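All remarks here apply to the structure that follows.
Derivation of every value follows stated rules applied to the coordinates shown; laboratory data play no part. Because the structure is a prediction, the values reported are computed rather than measured. Here the Cβ is made from the backbone with ideal geometry for all residues, glycine too, and neighbour counts use every protein chain on show.
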C-alpha cells in the first residue's frame, strides 16, 4: 500500500526561527513526480524549506499544502498519514544507534504500523519483511550489511541505510537535505544519481538541497535558488543564466564570515 | 596590543574550585580535625591493632565453641552471602521496573511535543499545563524517595511491619527506584534527539519514536548502571543485617561484639567475594552485549 506521488504548494510562507526570518514569503509549486533541487549558500533557508514540506517545521505565516490540502486543516491521524508518505533523508542521517541495519530500515515504516507490529518488526520481524528489506538493500548496494549494527558501517554505507529506510517507507515523495555533504565527490555523484533514478522509477516527487551546483545542473530539470530565505530564481535548468548564479553567491563583505 | 580584550582574572570554574577548597578547610577546622584529639587513645589503638592483626588470618572455624548443632562457620558465611544476594536481588527486581517507569516519566524527551505538529487547542493546552505539572511532580517524587537513605526507610518499615523480609526489600527498593529513575532519565535525555525526531517526521507515534528512537542508544548505559546499583544493593543488604535481618551485617555485628575479630574478617572477605562476583558477572554480560 504505497502512496500516490505527493505535490507541494507554498503560498507566501514565512518562518521565524527565534528572531531570524529563515524563510521570507516564499511561494512555490512542486508537481507530483517533479524533481527539484534547492541551491544557495549556507543559511539561505534550504533546510527550513525542506522541513516545511514534511511538516516538521511550522509556517509562521502563509500556507503549506500537501496534495492541495493545507497542513493546519489535517487532523492528527491525517498528518501522520501524510508524513508516512514523505521520505526524508537528513543531512546527519539520524539513524538510530544501537539498532541493526534491518531494524533501522523497518523503522522507516512506523507511520503505517501499529505499535504492536512495530514492536514485532523490531524484535522478531516476519520473513517477508526481512526479504523486502534485503531487496531494498540490494538496490542501494549494501545487502551483505543487513544484520550489522549501524555503528559499524562507514559513512557512505550509513547513507545507503538512510536511503533504504526512506524507500522502505514506500513514500510518494523523497526529500533529501544535503545528502552529499559528508561523502567524497565520486560517491556524491553516485548518491544523487541513485536518488534521481529511484524516484524516476517509482514516480516519486524528489526535492533535494545541494551545495554542489554542477550536480544540481546535471541531474535536475528545475532549480530553485534561495538567498536569505527568499527565492532568488526558480527556473528550468536549461534557461539558467550565469547572472542568476552570481546573484546567489556574490557575498556582501559582511556576509563572508557567516557563509 | 591595545586591541587585546581584557582577560578575566578568575574564570567562573576556577572561582568555584577555589571556593570548594576553602570550604573544605573551614569544615576541617570546624570539626577539629587539625587537633591532636582526633588521634585515638591507647585503648582504641590496641583494639584497632587486635582487629587489623587478624586481617591476614580470618577464622575458618568458630573462635569459641558454639552451641551443639550450629552450622560450620564457612557454611554459615556462605548462607549469609546467599541471603544477602537474595535480599539485594528482590529489591532490584522492584527498583528496576519502577526506576524505568519513573525515569521515562521524568525525562524531558517524553513530554516534548512534536515540533511541526498542528495540535488541537485542547492538546496544546494539555502540553502547556498538564505535562509540565506531571513532569515536575514525578521529579519531586523521585527526589523525595531518593533523599531518604535505605537505613532510614528500614527504621520506618521495621516500626511498621516488624522484622519481615518485606521490610528490608522495600527499604532498599524505594530509594533505589528514585536513584535509578534520576540517572535513567538523564541517560534518556542525553541520547541524541535526531533519530527520534526523524522517525516522528516519517509518521511514527510518540511511543514508537521513544522506544525505538531514543531508548536503543540509552539502553547499554542504563543496563550498566543498573548492574552497578545491584552491587550497591548487595552492600546495603549486608548493612541491613545490623537491624537483625539474616544478611552478612548481622553476623559481622555479632562477632564484633564478642571480640571475635577473625570471624569478622571471614564475613568481610565473604562480602568482598560476593561483590567481586557480581562485578565479574556484569562485566562478562556487558562483553556479551557489546559483541
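Rg/Rh for the range B:93-182 stands at 1.17; both radii use Cα atoms, and Rh follows the Kirkwood definition.
A simple spin-label model places pseudo-atoms 7 Å from Cα toward Cβ; at residue B:134 and residue A:65 they are separated by 3.7 nm.
With each label modelled as a point 7 angstrom along the Cα→C-beta vector, the residue A:218-residue A:186 pair spans 1.3 nm.
Do you know the relative contact order of the range A:1-103, to the nearest whole percent, from alpha carbon pairs under 8 angstrom that are 6+ apart? Result for the range A:1-103 is 29 percent.
The order of B:270, A:63, going from fewest to most other C-beta atoms within 10 Å of their C-beta, is A:63, B:270.
For chain B, relative contact order (Cα pairs under 8 Å, six or more residues apart, normalised by length) works out to 25 percent. Taken residue by residue and averaged, Cβ atoms of other chains lying within 10 Å of the Cβ of A:100-110 number 3.
By the count of other C-beta atoms within 10 Å, a proxy for reagent exposure, A:208, A:129 are ordered fewest to most as A:129, A:208.
Against chain A, whose longest principal axis comes from its Cα atoms, helix A:127-140 is set at around 40 degrees. To the nearest Å, what is the center-to-center distance of the range B:1-33 and the range A:148-218, using C-alpha atoms only? Measuring centre to centre over Cα atoms gives 53 Å.
For chain A, the relative contact order is 29 percent, taking Cα pairs closer than 8 Å that sit 6 or more residues apart in sequence and dividing their mean separation by the residue count.
In chain A, helical runs assigned H by DSSP with n ≥ 4 each contribute -39500 (n - 2.57); averaged across all residues and rounded to the nearest 500, the mean residue ellipticity at 222 nm is -11000 deg cm²/dmol.
If a/c stays under 1.5 just call it rounded; otherwise compare a/b with b/c (prolate if a/b is bigger, oblate if not). Do that for the range B:198-291, with a ≥ b ≥ c from the square roots of the Cα gyration tensor eigenvalues. Cα axes put the range B:198-291 in the prolate bin.
The C-alpha atoms of chain B define a longest principal axis, and helix B:121-147 lies at about 10 degrees to it. Over the range A:108-259, the hull volume per residue, using the convex hull of the C-alpha atoms, is 154 Å³. Measuring max minus min along each principal axis, the C-alpha atoms of the range B:157-229 give extents of 55, 23, 14 Å (largest first). Using just its DSSP H runs of length 4 or more, each adding -39500 (n - 2.57), chain B gives a mean residue ellipticity at 222 nm of -24500 deg cm²/dmol after division by all residues. Summarising the overall dimensions of chain B from its C-alpha atoms, the Rg and Dmax are 25.9, 91 angstrom.
Taking N as the residue count of the range B:61-108, its C-alpha radius of gyration divided by 2.2 N^0.38 Å amounts to 2.01.
Sorting B:195-204, B:67-76, A:88-97, B:6-15 by average packing, meaning the other beta carbons within 10 Å per residue, from highest down gives B:195-204, A:88-97, B:67-76, B:6-15. Taking only the alpha carbons of the range A:97-164, we obtain Rg and Dmax values of 11.3, 32 Å in that order. For the residues of B:162-174, the average number of beta carbons from a partner chain within 10 Å of their own beta carbon is 0. When both the range B:51-115 and the range B:145-204 are represented by their alpha-carbon centers, they are found 17 Å apart.
Oblate is the label for the range B:1-97, because a/c, from the alpha-carbon gyration tensor with a ≥ b ≥ c as root eigenvalues, is 1.5 or above and a/b does not exceed b/c. Among B:95, B:226, B:21, the largest mean-square fluctuation in a Gaussian network model of chain B (Cα springs under 10 Å) belongs to B:21. Pairs of Cα atoms in the range A:37-175 fall into 10 Å distance bins, from 0 up to the last occupied one, in shares of 11, 38, 32, 17, 2 percent. Across the protein assembly as shown, the convex hull enclosing all Cα atoms gives 249 Å³ per residue.
Across peptide B:15-22, the mean count of Cβ atoms from other chains lying within 10 Å of each residue's own Cβ comes to 0.
Can you tell me the orientation of helix B:150-161 relative to chain B, as the angle in degrees between its alpha-carbon axis and the longest Cα principal axis, to the nearest 10? Taking Cα atoms only, the helix is inclined about 80 degrees.
Just so you know, the Rg over Rh for chain A is 0.97, from Cα atoms, with Rh as the Kirkwood radius.
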